[in-house]
Amino acid sequence: MDPTQPFATAIAVQGDRIVGVGDREDFLDFPQTEVDERFGNKILLPGFVEAHSHVMSGALWEFPYVGFYERSDPTGRVWSGCQDVDSVLQRLIQCDQEMVDPDQTLVAWGLDPIFLQGERLVAKHLDQVSTKRPIFVFHASGHLATVNSEMMRQSGIDQHTPTPGVAKDDSGVPNGELQEPAAMSLASDGLATIFIAMMSSEAKWSYALEARNCGVTTAADLGTTRLAMEGQLEAWRQATDDPQYPIRVVVAFGNFGSDGTPANIRDMAEKAVHLREHEESAKLRFGIVKIVLDGSIQGFTARISHPHYLDPPPGHPGNGLWLIPPEQMPDIVSAYHQAGLTVHCHCNGDEAAQVFIDAVDAALQTHPREDHRHTVQHCQLTTEQQYKKMSELGMNANIFANHIFYWGDQHATITVGSPRAEKMDGCATAEREGVKFSIHSDAPITPMGQLHTIWCAVNRLTASGNILGPEERIGVHKALQACTIDAAHQLLMDNEIGSLENGKLADFTVLESDPYEVEPEELKNIQVWGTVVGGVPFQAGSQ
Amino acid sequence: MGHSSGRRSLSSGITVTKLVDLYDSPMEVTVIGGYLGAGKTTLVNHLLSQATEVIAVLINDFGEINIDDKLVDSADENTITLTNGCICCSLADGYSKALDDVAKRNPRPTRLVIEASGVADPAAVAAYGHAPGMALNAVAVVADSVNLIQQLADPLVGQTVRSQLAAADVILLNKTDLAPETETVRTELDRFNSDALLVECVHSRIDLDLLFGSEVSKVPKASEAVGEYESRCHRSNQPIPRDALVELIERLPEQVQRAKGIVRVAEEPQIPMVFQLVGRRWELRALADRKNAPEGNQLVVIGPKGTVPLDWDRTLKVED
Ligand SMILES: [Zn+2]
């Protein structure tokens with residue numbers, strides 16, 4: 001990613017830094033040089049940077065996986081997909097037998113009923129696994145759970161439960177499916193088990209192992225951790241100080257629990273500045289503030305401009321939700337901006353993006369500041385005009401390229417319709433308008449995997465195999481830049497990582513084949529050997 | 001109630017308390033919604049200062065729940081947000097922790113008031129009011145009578161404000177002292193929520209009986225009128241046929257906009273049912289907590305002074 005030296009055959013490393021990039025002969029006269037040939041037949045890239053993910057991404061692997069697709073867990077164990085209700089039950093029966101405590105709740109995750117043949121999985125099926133132990137199966141969508149009769153009994157769920165989302169059969173008896181969080185929260189033991197796992201210190205490790213397995217050397221936990229709360233910083237420090245911890249983490253400061261008043265935001269900004277100035281270490285970085293402005297497009301909660309949604313569910317109010325009153329945004333952005341922080345704002349819809357861009361514009365007019373790198377996160381419907389303005393203001397973008405594969409078909413037919421869907425996650429438009437951008441997985445919303453995300457941006461193939469908006473495809477080199485140097489730029493780390501240059505950290509992604517050589521459709525199938533972080537190799541799939 | 005300034009956050013307690021195991025009767029939940037600046041916090045303060053019972057207040061800012069530390073001492077926080085997948089997951093998580101905190105309070109609160117954020121849909125928050133051990137009392141939405149018309153027409157927030165008001169059982173048309181007239185606003189409100197109980201007020205001051213509904217035990221036997229409103233109650237033992245109940249409700253004087261109670265319906269006498277009337281909307285649904293429900297029937301109706309006839313429940317008396 002160093003334009004003056006795009007390719008090389010050897011790299012010299014001293015300590016955790018790169019001391020030279022060139023050919024083997026260039027370094028042989030370096031004093032006390034040791035030649036390391038272990039990656040002789042592999043491809044070294046600047047370490048991949050996942051600039052938008054969440055630490056709980058790997059935590060669900062603490063529980064058995066019952067999803068449709070085959071997946072590997074952070075330790076490298078391959079879990080075969082459950083192709084029908086029977087194989088889901090078989091896996092659960094096996095887990096039930098392995099559990100020592102007969103009263104302990106069995107939690108599983110990843111169920112995706114649309115893919116399963118035959119009857120929908122309900123409580124009576126789960127009762128075949130156990131009628132004594134509560135069972136809670138969390139769906140892949142994160143919006144639903146299916147529980148057994150014992151879980152309903154213990155949670156007081158019956159035909160009289162008035163909570164919306166408790167699905168009932170024709171005779172009015174709950175069938176075990178709990179839709180949306182209010183209903184899921186009735187089965188509080190199941191949901192709490194998942195939440196506790198997500199915030200545990202093991203989760204920080206599974207997140208890092210998962211990142212390592214897909215070649216990521218730096219990941220941003222974008223506003224998941226409550227840094228202002230006691231113990232959270234220490235937990236991150238403990239993990240990242242361990243020499244075996246395989247990634248660098250940028251922990252964004254979430255704008256949480258704030259009432260939006262200027263004094264309150266200034267107080268929060270002060271905390272965030274303190275972290276950046278006094279608490280950074282080799283593998284733990286700060287300086288980013290995360291704000292969430294709207295919802296999601298597939299959930300019909302993103303704020304999108306006229307004509308809004310194509311085919312929303314019955315009772316939908318017409319447009320999405322604000323998570324912050326738009327009129328508070330100028331004050332919020334301005335306070336963090338004046339404190340010298342970089343604001344990353346979640347804007348799935350274009351209406352949300354406009355409110356954020358306007359707030360940055362206003363902040364810059366009263367307090368001009370060079371190189372602020374304020375970033376629109378997700379950018380799914382960001383328009384050409386908006387990219388023009390972002391370029392003018394010096395803003396960055398982080399585009400949710402994975403959506404094209406995972407929800408592209410639904411966007412074309414249900415959420416926004418083909419014409420708009422073809423322009424969604426428009427990397428080529430961002431490139432044309434000169435906006436520096438990254439691309440991301442938002443793990444656990446979609447699985448982490450930079451090669452898959454690159455494949456999405458380059459091919460724009462949907463799950464059904466259609467090319468959605470061919471004009472928005474970008475080249476392999478641009479996609480690699482987006483996952484390395486330009487991702488590092490928006491995380492304020494481009495002076496240290498993102499390219500292979502003398503003086504930068506020795507962070508590499510080690511691949512079995514060259515992304516510049518393979519067919520574009522094959523990008524996602526490139527094997528990842530692992531990574532090197534600060535000169536230390538970490539092999540994918542190892543413990 | 002302990003006092004200190006500002007808000008604090010939730011405990012990260014791992015145990016999940018089941019309110020149903022702790023309380024003798026369901027804890028009533030009132031959700032307060034309304035757009036930024038309408039007067040929600042003023043309303044919460046009013047409720048806290050006027051209430052004769054212990055109220056726990058949950059504050060739901062930015063899609064998550066904080067707990068008012070006037071009522072809760074615990075300090076750490078460990079809630080999470082799954083923002084892109086779902087904005088209400090944090091609510092689900094925070095909620096169980098908040099309830100855990102509420103249950104640990106001494107004296108134990110008997111009523112929960114949830115102040116939704118200025119952009120939240122109060123209906124989504126209200127969905128949490130049906131957990132075992134709880135009974136949803138009402139969704140109250142505060143509206144700024146000076147700025148409401150303008151807010152409704154705003155291209156960015158108009159729909160947010162409209163959805164909030166549409167979800168209301170009670171609308172507090174607030175700041176009427178600053179509005180030249182309220183007729184235009186009332187007409188506008190009528191277009192998308194003609195059923196809610198509409199109360200005009202200043203500084204969010206609403207009669208607590210009107211918002212919460214009186215407790216049968218607190219209504220004086222002689223049914224004397226106190227303040228602007230009067231409450232009358234009915235107590236009986238025999239299950240009431242559903243038709244008789246419906247008839248009673250339909251015959252209530254128009255001015256009676258609030259009634260509540262727990263009744264046994266003749267068709268299913270073993271199930272205690274919660275009865276609620278707010279504005280022109282009423283519902284009858286099973287009480288989640290059956291173990292501890294009071295015996296027989298207890299109903300209270302509330303109306304402006306002089307509007308509730310002494311024999312308002314005569315159709316029920318015949319049955320008893
Ligand atoms: Zn995210």
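The values are calculated or read from the model by the stated rules, or taken from the named source; none is laboratory data. Only a predicted model underlies this, so the values are computations on that prediction, with no experimental measurement involved. We place every Cβ from the backbone using ideal geometry, glycine too, and count neighbours over all the protein chains shown. Heads up: the accessible areas ignore ligands, DNA and RNA and are worked out on the full protein's heavy atoms, side chains in. Shrake-Rupley method; radii C 1.70, N 1.55, O 1.52, S 1.80 Å.
Checking the conditions here, which among A:GLU70, A:GLU98, A:GLU62 is in contact with a Gly (Cβ under 7 Å, 6 or more places away or on another chain), open to solvent by 30 Å² or more (accessible area, probe 1.4 Å) and acidic (Asp, Glu)?
Values: A:GLU98 fails: in contact with a Gly (Cβ under 7 Å, 6 or more places away or on another chain); A:GLU62 fails: in contact with a Gly (Cβ under 7 Å, 6 or more places away or on another chain).
One residue alone meets the criteria, A:GLU70.
Just one of the listed residues (A:ASP371, A:ASP358, A:ASP350, A:ASP425) is of a type in the set (Asp, Glu), within 16 Å of the ligand (Cβ to nearest atom) and under 27 Å from A:VAL251 (Cα atoms), and it is A:ASP425. Once the range A:124-148 is narrowed to residues that are buried (at least 22 other Cβ atoms within 10 Å of the Cβ) and over 27 Å from the mean Cα position of the chain (by Cα), the residue that is nearest to the other protein chains (Cβ to nearest Cβ) is A:PRO134. When A:MET390, A:MET329 are checked against the criterion of being farther than 29 Å from B:ALA123 by Cβ and more than 16 Å from the ligand (Cβ to nearest atom), a single residue qualifies: A:MET390. Residue-level check: of (1) within 14 Å of another protein chain (Cβ to nearest Cβ); (2) more than 16 Å from the ligand (Cβ to nearest atom); (3) of a type in the set (Ser, Thr, Tyr), A:TYR406 misses just (2). Just one residue in the set A:GLY76, A:GLY110 is within 14 Å of chain B (Cβ to nearest Cβ) and under 30 Å from A:THR217 (Cβ atoms); that residue is A:GLY110. Can you work out which of the residues in the range A:516-541 that are part of a loop (DSSP other than H, G, I, E, B) and out of contact with any Asp or Glu (no Cβ under 9 Å at 6 or more places or on another chain) is nearest to A:VAL216 (Cα to Cα)? Selected residue: A:ALA540.
The residues of the range A:155-203 that are assigned to a helix (DSSP H, G or I) and closer than 21 Å to B:PRO272 by Cβ amount to a single one, A:SER155.
Taken across the range A:221-244, residues that are in contact (Cβ under 8 Å) with a residue 60 or more places away in the chain, assigned to a loop (DSSP other than H, G, I, E, B), away from every other protein chain (no Cβ under 12 Å) and touching a Ser or Thr at 6+ places or on another chain (Cβ under 6 Å) do not occur at all.
Looking at A:THR161, is it more than 27 Å from the chain's Cα centre (by Cα) and among the hydroxyl-bearing types (Ser, Thr, Tyr)? Walk me through how you get there before you give the answer.
Numbers: more than 27 Å from the chain's Cα centre (by Cα): yes; among the hydroxyl-bearing types (Ser, Thr, Tyr): yes.
For A:THR161, the condition - more than 27 Å from the chain's Cα centre (by Cα) and among the hydroxyl-bearing types (Ser, Thr, Tyr) - is met.
Condition check: open to solvent by 20 Å² or more (accessible area, probe 1.4 Å) and either modelled with pLDDT of 95 or more or not small (Gly, Ala, Ser) (or both). Does A:LEU116 satisfy that? For A:LEU116, the condition - open to solvent by 20 Å² or more (accessible area, probe 1.4 Å) and either modelled with pLDDT of 95 or more or not small (Gly, Ala, Ser) (or both) - is met. Given the condition farther than 25 Å from A:CYS345 by Cβ and crowded, with 22+ Cβ neighbours inside 10 Å, answer yes or no: does some residue in the range A:486-498 qualify? No, that holds for no residue.
Among the candidates A:ALA183, A:ALA219, single out the residue that is buried (at least 24 other Cβ atoms within 10 Å of the Cβ) and within 16 Å of the ligand (Cβ to nearest atom).
Numbers: A:ALA183 fails: within 16 Å of the ligand (Cβ to nearest atom).
Within the list A:ALA183, A:ALA219, the selection yields A:ALA219.
For the range A:73-105, the set of residues classified as outside any helix (DSSP H, G or I) and among the β-branched types (Val, Ile, Thr) consists of A:THR75, A:VAL78, A:VAL100, A:THR105, listed by residue number.
Restricting B:GLU250, B:GLU283 to those that are assigned to a helix (DSSP H, G or I) and either surrounded by fewer than 21 Cβ atoms within 10 Å (Cβ to Cβ) or in the same structural domain as B:SER194 (by TED's automatic domain parsing) (or both) reduces the list to B:GLU250. Taken over the range A:429-448, residues that are open to solvent by 10 Å² or more (accessible area, probe 1.4 Å) and under 12 Å from A:CYS214 (Cβ atoms) amount to 2. With the condition kept exactly as written, say whether any residue in the range A:32-42 is hydrophobic (A, V, I, L, M, F, W, C) and either within 16 Å of the ligand (Cβ to nearest atom) or at pLDDT 90 or above (or both). Within the range A:32-42, one or more residues are hydrophobic (A, V, I, L, M, F, W, C) and either within 16 Å of the ligand (Cβ to nearest atom) or at pLDDT 90 or above (or both). Scanning the range A:15-44 for residues that are assigned to a strand (DSSP E or B) and within 32 Å of the chain's Cα centre (by Cα) gives A:ARG17, A:ILE18, A:VAL21, A:ILE43, A:LEU44. Taken over the range A:268-321, the criterion of being within 14 Å of chain B (Cβ to nearest Cβ), touching a Leu at 6+ places or on another chain (Cβ under 8 Å) and closer than 24 Å to A:ALA488 by Cα is satisfied by A:LYS271, A:VAL289, A:LYS290, A:VAL292, A:LEU293.
Do you know which residues across the range B:88-126 are modelled with pLDDT of 75 or more and facing chain A (nearest Cβ under 9 Å)?
Here is the first cut: in the range B:88-126, the residues modelled with pLDDT of 75 or more are B:109-126.
Once the filter is applied, which keeps residues that are modelled with pLDDT of 75 or more and facing chain A (nearest Cβ under 9 Å), the range B:88-126 yields B:SER117, B:GLY118, B:VAL119, B:ALA120, B:ASP121, B:ALA123, B:ALA124, B:VAL125, B:ALA126.
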